[in-house]
Every structure is written in structure tokens, then in C-alpha cells.
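The values are calculated or read from the model by the stated rules, or taken from the named source; none is laboratory data. It should be emphasised that the depicted structure is a prediction, and the values quoted were computed from it without experimental measurement. Every residue, glycine as well, gets a Cβ built from its backbone with ideal geometry; the counts of neighbours run over all protein chains shown.
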Amino acid sequence: MRIALPIAGAVALAVFLPEVHPSAIELDGVTVETVRMKTRDGITLVADVYRPDAEGRFATLLERTPYDRRGESDEARALAAAGFAVIKQDVRGRFDSEGEFDPFRHESEDGYDAVEWAAGQPYSNGQVGMFGGSYVGAAQILAAMAHPPHLVAIFPYVTASEYYEGWTYQHGALMQWFATSWSSGLAVDTLRRKAQDRVQQHLRAWERDSTSPLSSYPLLDLPAPTDVAPYFRDWLAHETNDDYWRKVKVSDHYSEMSVKALHGGGWHDLFLRGSIENFLGLKAKAATAEARAGQRLLLGPWAHAATSPEGKIGDVTFGREAVLDMTATIRDWMDYALKGVHNTFASQRPVRIFVMGTNAWREEAEFPPARAIPTRYYLQSGSGRTEGFLTPKTFGNSPAQNYDYNPDDPVPTLGGRLCCGNVLPPGPSDQSSLGSRPDVLVFSTAPLANDVEVTGWLTLELFASTSARDTDFTAVLADVDEHGYARFLTDGIVRGRYRESTTTAVPLEPGTIYKVAIDLWATSNRFKTNHRIRLYVSSSNFPRFDRNRNTGEPILNASRSVIAHQTVYSDKEHPSALVLPVVPNP
């Protein structure tokens, strides 16, 4: 695989930023001050503090971000106006903070130091909460893993539970679009920092050389692309779930954490599984009874992108009820968790989910709902290349279906769980064009006679064989309306050589039939009467996942590809089935 980070367009951002000086500004009853703190190893981290312009000590909210602390200042001001001291800090190696940025590696220690520093400030009452989404959510979970004594509550939104499975890889396949686009986005600030340092060094040397003509002035001296995101190559080199990843595997440390947490996740978010697993893990294993009872789960239709004021995500407008008022949610959660306010978080059930299809919120006692019934829809082949069927019974004589997977012509990703940027918009989109490809098998129910609600974990149990030593099997689930629009619900993938474990590669035996469990993560959707449940089965979903070249070579330098002949079975001995958690109608 070629490693090319598209950062050339960021050259113009390699500017000299002014030094940070402590200063306090008062506006609308909120005081804003830029401050510095030292980590245990002497690195200076820069933060902006927003606090009420009043005497007293306040519950303190901390956001540690790699995306520039100066963003979303209105949110910080609103929270300060609501009676919190708010600290927004650049993490190590980002923007104004010193050090080198290496994702995840310093967030436990630096997070611990930042929490305890915040708790000791004269404006803090010692009660510290953390908030924010994506990597900012990871910074919270990793800080909680170090269990700083003054960290009471967190609100990790759309984030993961570990950084191999569900952040960088999914069942052995690289989450390529996210890994590349996120790394390139991070590289812009690193490029600025490194270019600035290099230019100043060369400028000093140039000025000392009195014989140098002005034409030799080193206007820019850019680092190599791989130097601005060296961790990207590390991710490719560690394609198994090895010690590199286990050092920051949050889910191994739930029993050591004692924080209350509101876990926010989106049905269309690429970190959905991690959001749910963090809730389940802390609810079951947290270090104290108070922490176990203090877990809440909020699941909306959101993607890893902004929701419009009308509640539009991807192609679909879910309504204004789908819009999350983030500032109000942070305020209410921290009022409850840090101040003891008896608000809806004290009175509601611990789980709140948005049921798509009906587009309404519902409270639950647990996730998945205990009343959901695992229901098998068996795959039955159609005649020739016609659409197959999803049926509640297996007929036992359904013939196998074949297709060829060519890595040079992969099945395109159409919306869904994507990040980052607008080139490939995330969220629900029409999947119907997938059915026209010769390398995609389609299975649908008949038009439904009644509404069917599916809420919980989903799995495809697929019996399949291949002509290759390695290959992928993929699945996409859609809700098809009366007009043929196939709305994306969820997807999944299994890399053949990691079908048994993501710690060790085991080659496939060509021609051998394997039972492959494709984890489709979770959803909550009511398929309306006359809609159809549809499943697309193939061997690629690109560029959401990297293309399997069907050779079994490590992905770091793989370049050779072969076409794989795939066979999917659905007979009595090989009953391939989609397993859906069906919630009985009231």
C-alpha cells in the first residue's frame, strides 16, 4: 500500500503564530484567560479558562482537544454562564501545546495531570467533569483509565472503546477512509509546527552566512509527509490486535474506573459499537456501585458530522426531535453528576434511544432491550442472478450463488458510517444501485404485512467459500420503501484470515466452506408496513474499508491482487441467516 498523506495544500498554513501570553478578558459576565500547565514530564500544555465573573468556587469542566481549543468558544461561554468553570486545553503536540502528538499514547497521564491541576485551581470546587466527542471523547476515557481522584463525571460522545477494533480496524479490515482522512487532517497542524521550526533554524544559519545572496533565502523547508503523521505507518504495520494496541485498550480497564458517564452514540456513527460497549462495560464492571449506577446511554440517528437544524442526516430528515442540543445536554448532565441537581437524568431510565422509522425517542431500562427476540431471516437464492429472499424458514434446497470479487473494481461505499470531511458524506443514503453490480448478492423480504421493529445487536451468519487464500465478506442492511429507496441502516465486514481472531492470521483453505459471523453492530429501526428488509452481500465496501487483495499479504506493502471466486451457501447444511433483534409490537 502506498502511504501518501495529501498535505501539500496545507503549506499556506505554515505561518508563525503569536506566542501565548496569560491574559484575562471579561465579556457578558464570563472571564476568559489563557493559562499554561506542566505535565509530569515537563511538557507545557496551553488552555483557555472560561469562568463566571463572580466570587466562589465552581464545578469545573475540562475539554482536552487535538482540534484547537479556540474552537466552539460560544459553548464554553454558555457553560460558564450556567455556573461552571470551563477549561479548553490543547493536547500534547497540538496547536499551542508543547511536545509531539502521538494519538492516544499520552492521554492517560496527561489527562490525569490536567484533571488534578484543574481541581487545584482557586476557582475550582474540586469536582471535575470532562466532555466532548470523537478523539475528545477518547481523551476522557483514557483519562478515566488512570483514575484521577477528582474526576467525577464524563460525557464521551461518538467515541470508541478501543483503538484497534472499531477505530482503526474492523474485524481485521482497515477502516481506510477514516484512517487516511483523519490522519491527513491532523497532519496540517503538525506540518505548520515542523515547517515553522525548520524555517527558523535555516533562517538563523542563512543570516550567519554573509556571502549568501537574497535569492538563496529558504522561504520554506517542508518535512517529508511521513514525518508529519508517523503513527499512520504504525497503524498499518500493526494490523493485528497486538501489544501496540493493548497498551491503550480502554475496555481492559473498566473495573478500575469510578466515574459517572453519559455515553452518546449515533446509529450512523463509525464509533457506535464503542459508545455502547463503554456503557455496558462500565455499568457492569466499574469500580464502585455509585459509578455502575451512574451510567447513561443516549443513542440518536446521528453520524460523525453535524446534523442540520431540521434534523437532516445524510439523505434523510428525521425531524427537529433528532437534533441534539449539545450545550444543554452537557449542562444538564453535569448539573446532575457534579452538582446533584434532580433533573431528568435522575428520573429517566438509563437508556434513551431514537427509533428510526417512527422517528421518536424512547426510554429503556437496558440495551439491548430484554424483550427483543433474536429472529432469523434465512437467505434463499433467487433464480439465476435475480434477487434472492429473506424468509423466516429455510427450505433446505436453495442452490449456492457465485460471484467474482476483483480488488481493482471494488463495491463503492454509499454513505453510512464515514468520517472525515465532505468528499464522502456520512449518514443514510440510497443503496439500491448496489444491486446492479455482478459482485453483489441481494436478499429481500416480501413487502411486510405489519410493522417490524429491530432494536439491538445484529449479525449475519454466512456460509461461504472462496478460491483465494484470503478475502473479505461484507454486508449492508437497508430499509426499502414502497418507491424502492433503500435506506442504509448498518454494515459489517470480516477479513478471512482474521475470522477466528484478530490477534493471529489464519489463511483460508480455498474451496472450504466456512461459517463467517459478520457483526453488523446495532440499530433501532421500525420497518413500516409494505417496506422490505434488504441485505446486500459482497466482498468489498471501498473506501470505507481497504480492499482485500485476496493474497493474504500484510497490508503495509501489499501490491499484488488476484480475483477471488466466491460462493455463498443457503441450503439445509449451510443455513445462512440474518439474525435481527425483533421487538414485539405493543
Handout entry: Only listed residue being acidic (D, E) and under 23 Å from F279 (Cβ atoms), chosen from E116, E107
Key = E107
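Between I313, I330, which is over 23 Å from L79 (Cβ atoms) and under 20 Å from the mean Cα position of the chain (by Cα)?
On the way: I330 fails: over 23 Å from L79 (Cβ atoms).
Result: I313 is the single residue among I313, I330 that is over 23 Å from L79 (Cβ atoms) and under 20 Å from the mean Cα position of the chain (by Cα).
Quick grid of which residues meet (1) more than 19 Å from I330 (Cα to Cα); (2) among the charged types (D, E, K, R); (3) at pLDDT 95 or above:
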position: T39; (1), (2), (3): yes, no, yes
position: T44; (1), (2), (3): yes, no, yes
position: Y50; (1), (2), (3): no, no, yes
position: A54; (1), (2), (3): yes, no, no
position: A59; (1), (2), (3): no, no, yes
position: P66; (1), (2), (3): yes, no, yes
position: R69; (1), (2), (3): no, yes, yes
position: A80; (1), (2), (3): no, no, yes
position: Q89; (1), (2), (3): no, no, yes
Problem - Test for V35: is it in contact (Cβ under 8 Å) with a residue 12 or more places away in the chain and touching a Phe, Trp or Tyr at 6+ places or on another chain (Cβ under 8 Å) - result: no
Exercise for the section: Examine segment 64-73 for a residue that is farther than 18 Å from P230 by Cα and in contact with a strand residue (DSSP E or B) (Cβ under 6 Å, 6 or more places away or on another chain), and state whether such a residue exists. Expected result: yes
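Going by what's in this entry, would Q140 be described as under 15 Å from V49 (Cβ atoms), within 23 Å of the chain's Cα centre (by Cα) and surrounded by 20 or more Cβ atoms within 10 Å (Cβ to Cβ)? Write out each step before concluding.
On the way: under 15 Å from V49 (Cβ atoms): no; within 23 Å of the chain's Cα centre (by Cα): yes; surrounded by 20 or more Cβ atoms within 10 Å (Cβ to Cβ): yes.
Criteria not met by Q140.
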Practice task
Scan segment 357-378 and report the pairs whose first residue is assigned by TED's automatic domain parsing to the domain that holds A478 and at pLDDT 95 or above and whose second residue is in a loop (DSSP other than H, G, I, E, B) and surrounded by 14 or more Cβ atoms within 10 Å (Cβ to Cβ), with Cβ atoms within less than 6 Å and a gap of 6+ or a chain change.
Solution key: Y378/T394; Y378/P575
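This table checks each residue for (1) of a type in the set (S, T, Y); (2) under 20 Å from the mean Cα position of the chain (by Cα).
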site: A449; (1), (2): no, no
site: L460; (1), (2): no, no
site: T474; (1), (2): yes, yes
site: D479; (1), (2): no, no
site: A486; (1), (2): no, no
site: D491; (1), (2): no, yes
site: R495; (1), (2): no, yes
site: R499; (1), (2): no, no
Practice task
Taking the residues in segment 496-512 that are closer than 25 Å to W457 by Cα and touching a Phe, Trp or Tyr at 6+ places or on another chain (Cβ under 8 Å) as candidates, determine which candidate is surrounded by the most Cβ atoms within 10 Å (Cβ to Cβ).
Solution key: G496
Exercise for the section: Given the conditions (1) assigned to a loop (DSSP other than H, G, I, E, B); (2) surrounded by 18 or more Cβ atoms within 10 Å (Cβ to Cβ); (3) touching a residue at least 60 places away in the same chain (Cβ under 8 Å), report the number of the one that I493 does not fulfil. Expected result: (1)
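For segment 34-152, list the strands (runs of 3 or more DSSP E) that sit wholly inside it and hold at least 1 residues that are under 28 Å from L299 (Cα atoms) and touching a Leu at 6+ places or on another chain (Cβ under 6 Å); which are they?
Fully inside segment 34-152 and qualifying: 58-65, 85-90, 124-133.
Counting only residues that are in contact (Cβ under 8 Å) with a residue 12 or more places away in the chain and of a type in the set (D, E, K, R), give me the strands (runs of 3 or more DSSP E) lying completely in segment 398-485 with at least 1 of them.
Values: elements: 401-405, 441-444, 452-466, 472-480.
Qualifying strands (runs of 3 or more DSSP E): 401-405, 452-466, 472-480.
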Fill in the blank from the handout: Taking segment 403-428 and the residues there that are exposed (fewer than 14 other Cβ atoms within 10 Å of the Cβ) and within 29 Å of H565 (Cα to Cα), the one that is farthest from the chain's Cα centre (by Cα) would be D404
Exercise for the section: Would you be able to say whether some residue in segment 386-393 is under 21 Å from the mean Cα position of the chain (by Cα), over 30 Å from E509 (Cα atoms) and in a loop (DSSP other than H, G, I, E, B)? Expected result: no
Practice task
Go through segment 550-586 and give me each residue that's surrounded by fewer than 21 Cβ atoms within 10 Å (Cβ to Cβ) and either among the polar types (S, T, N, Q) or within 27 Å of C420 (Cβ to Cβ) (or both).
Solution key: T551, P554, I555, L556, N557, A558, S559, S561, T567, N585
Exercise for the section: Among the numbered conditions (1) surrounded by fewer than 17 Cβ atoms within 10 Å (Cβ to Cβ); (2) modelled with pLDDT of 95 or more; (3) not hydroxyl-bearing (S, T, Y), tell me where A306 comes up short. Expected result: (2)
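In segment 277-320, which residues are assigned to a strand (DSSP E or B) and touching a residue at least 24 places away in the same chain (Cβ under 8 Å)?
Q295, R296, L297, L298, L299, G300, P301, W302, A303, I313, V316 - these are the residues of segment 277-320 that are assigned to a strand (DSSP E or B) and touching a residue at least 24 places away in the same chain (Cβ under 8 Å).
Identify, from the list T529, T466, T459, the residue that is more than 24 Å from R352 (Cα to Cα) and surrounded by fewer than 20 Cβ atoms within 10 Å (Cβ to Cβ). Break it down into steps so the answer makes sense when it comes.
On the way: T466 fails: surrounded by fewer than 20 Cβ atoms within 10 Å (Cβ to Cβ); T459 fails: more than 24 Å from R352 (Cα to Cα).
The match here is T529.
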Exercise for the section: Sort through A293, A286 and tell me the only one that's surrounded by fewer than 17 Cβ atoms within 10 Å (Cβ to Cβ) and under 15 Å from V152 (Cα atoms). Expected result: A293
Completion exercise
Across segment 164-199, the tally of residues that are part of a helix (DSSP H, G or I), closer than 15 Å to D546 by Cβ and hydrophobic (A, V, I, L, M, F, W, C) stands at 4
Handout entry: Whichever residue in segment 321-334 is touching a residue at least 60 places away in the same chain (Cβ under 8 Å) and surrounded by fewer than 19 Cβ atoms within 10 Å (Cβ to Cβ) and, among such residues, is farthest from E482 (Cα to Cα)
Key = T327
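Table: residues versus (1) assigned to a loop (DSSP other than H, G, I, E, B); (2) more than 22 Å from P584 (Cβ to Cβ).
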position: A337; (1), (2): no, yes
position: H342; (1), (2): yes, yes
position: R352; (1), (2): no, no
position: L379; (1), (2): no, yes
position: G382; (1), (2): yes, yes
Practice task
Write out, first by first residue and then by second, each pair whose Cβ atoms fall under 6 Å of each other, whose residues are 6+ apart or on separate chains, and whose first residue, in segment 104-117, is assigned by TED's automatic domain parsing to the domain that holds L151 while the second is among the β-branched types (V, I, T) and assigned to a loop (DSSP other than H, G, I, E, B).
Solution key: F104/V248; D110/T39; D113/T39
